[in-house]
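So the structure is just underneath, and the comments pick up after that.
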Amino acid sequence: MSKAVVIRQNGGPEEMELVDVQVGDPGPGEIRIRHHAAGLNFLDVYQRSGLYKLPMPLTLGMEGAGIVEAVGSGVTHLKAGDRAAYASHPPGSYSEVRVMPAKNVCKLPDAISFETGAAMMLKGLTAQYLLKRTLPQGGLQPGDFVLFHAAAGGVGLIAVQWAKAMGLQLIGTAGSDEKCALAKSLGAAHMINYSKEDFLQRVKEITGGKGVKVVYDSVGKDTWEKSLDCLAPFGLMASFGNASGPVPPFAPLVLGNKGSLYVTRQTLFTHIATREANQQMADDLFAAVTSGKVQIRIDQKFPLAQVREAHQALEARKTTGSTILTL
């Protein structure tokens with residue numbers, strides 16, 4: 001038996017219940033893992049609320065770290081006793097023990113703790129595919145300006161450090177002076193407090209009116225229009241989240257009128273669809289963390305039993321960096 005956080009219908013944090021579930025043996029291509037920690041992400045909120053529809057009942061959680069207890073047939077890259085971490089479909093990391101597909105589970109380097117592993121996989125792999133694989137026309141070179149919304153969040157604080165290591169001029173947004181100061185201290189070239197300043201006006205000032213080559217946006221509805229106006233001609237609008245709600249429909253002609261812009265909606269799970277791609281991206285992330293180029297900040301920890309409070313804090317924008325559930 002295992003404790004697990006389950007919802008039986010979509011709704012608010014009150015729908016999450018900590019219950020006992022039966023855990024069996026791994027089948028072909030699967031492992032059984034005993035978690036030490038699980039990561040918390042806005043993706044979990046989308047699944048809980050019903051923005052992303054999944055079958056019920058549902059155990060939440062898309063990233064975790066722990067010890068492999070058993071492996072099924074056909075699994076060759078892991079064995080019982082391995083330290084491991086993952087970002088993976090289907091959900092289920094809000095649990096003590098689970099059986100899951102092995103494809104997206106990676107050996108965790110000894111230099112990286114379980115808590116750090118649980119905090120970094122989904123958010124760190126997201127930062128990796130954005131900065132390394134989701135690129136504007138001509139790519140990104142040192143000195144280029146990029147705009148990154150929610151720069152003090154879990155993905156954002158990893159991205160600002162990685163962008164600095166790449167020589168990029170990252171302009172970040174956040175909702176308080178404290179969050180701006182935190183992201184600036186970790187490598188953001190410029191920070192904009194959107195609760196006090198018009199981020200479009202500030203981006204134009206910072207870039208001398210030229211705009212940025214790419215906008216990385218996990219906020220969605222509230223930032224969409226002005227973000228398009230922040231882009232230089234042929235710039236890329238890279239949407240990867242909906243924290244303020246989904247982007248409403250728009251006419252493609254708008255992109256032409258604003259400078260022949262490109263728009264893409266990205267998701268991590270397309271990038272890590274094969275074990276080879278997942279491992280390659282994870283190796284890049286592990287190297288960035290173990291080298292010290294990227295520090296994983298865990299600013300909030302909640303016991304698994306306090307998962308409702310964790311979701312409330314995340315949705316109220318009261319968190320910075322990564323948040324984990326401890327087991």
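Values quoted throughout were computed directly from the atomic coordinates according to the rules given, and no laboratory measurement underlies them. All figures in this text were calculated on a predicted structure; none of them were measured in a lab. So basically every Cβ, Gly included, is an ideal-geometry build from the backbone, and we count neighbours across all protein chains shown.
One table, with the values for the structure above:
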item: The range 1-64: chymotrypsin sites (Phe, Trp or Tyr not before Pro) in DSSP loop, at most 10 other beta carbons within 10 Å; result: none
item: Least to most buried among LYS293, LYS53 (fewest other Cβ within 10 Å first); result: LYS53, LYS293
item: Extent along principal axes [Cα atoms of the range 137-265; Å; largest to smallest]; result: 40, 31, 24
item: Potential extension, ALA277-THR326 segment - 0.36 nm per residue separation minus Cα distance; result: 14.8 nm
item: Built amide H within the under 5 Å cut-off of MET191, gap 5+; result: GLY172
item: Theoretical FRET efficiency, 1/(1+(r/R0)^6), r = Cβ-Cβ of MET166 and LYS107, R0 25 Å, to 0.05; result: 0.45
item: Percent of alpha-carbon pairs separated by more than 15 Å within the range 154-200; result: 34
item: Antiparallel DSSP beta bridges within the chain, percent to nearest 5; result: 55
item: Calculated Rg and Dmax of the Cα atoms in Å (choose from (1) 18.6, 58; (2) 22.7, 94; (3) 19.6, 60), label; result: (3)
item: For GLY259, distant residues with modelled amide H under 5 Å away; result: none
item: Sorted by Cβ density within 10 Å, fewest first, the residues THR116, THR267, THR76; result: THR76, THR267, THR116
item: Label-point separation, LYS79 to LYS204 (7 Å along Cα→Cβ), nm; result: 6.3
item: Contact order normalised by residue count of the range 137-265, Cα under 8 Å, 6+ apart, percent; result: 21
item: Extended-chain gain in nm, criterion 0.36 nm per residue less alpha-carbon gap, GLN22 and SER195; result: 57.6 nm
item: Separation of alpha-carbon centers, the range 115-169 and the range 8-24, rounded to whole Å; result: 33
item: Length added when fully stretched, LYS221-PHE269, from 0.36 nm per residue minus Cα-Cα; result: 15.1 nm
item: In order through the range 180-192: 3J(HN,Hα) via Karplus (6.51 cos²θ - 1.76 cosθ + 1.60), integer Hz, x for Gly, Pro; result: 4, 5, 5, 5, 5, 5, 9, x, 5, 6, 9, 10, 10
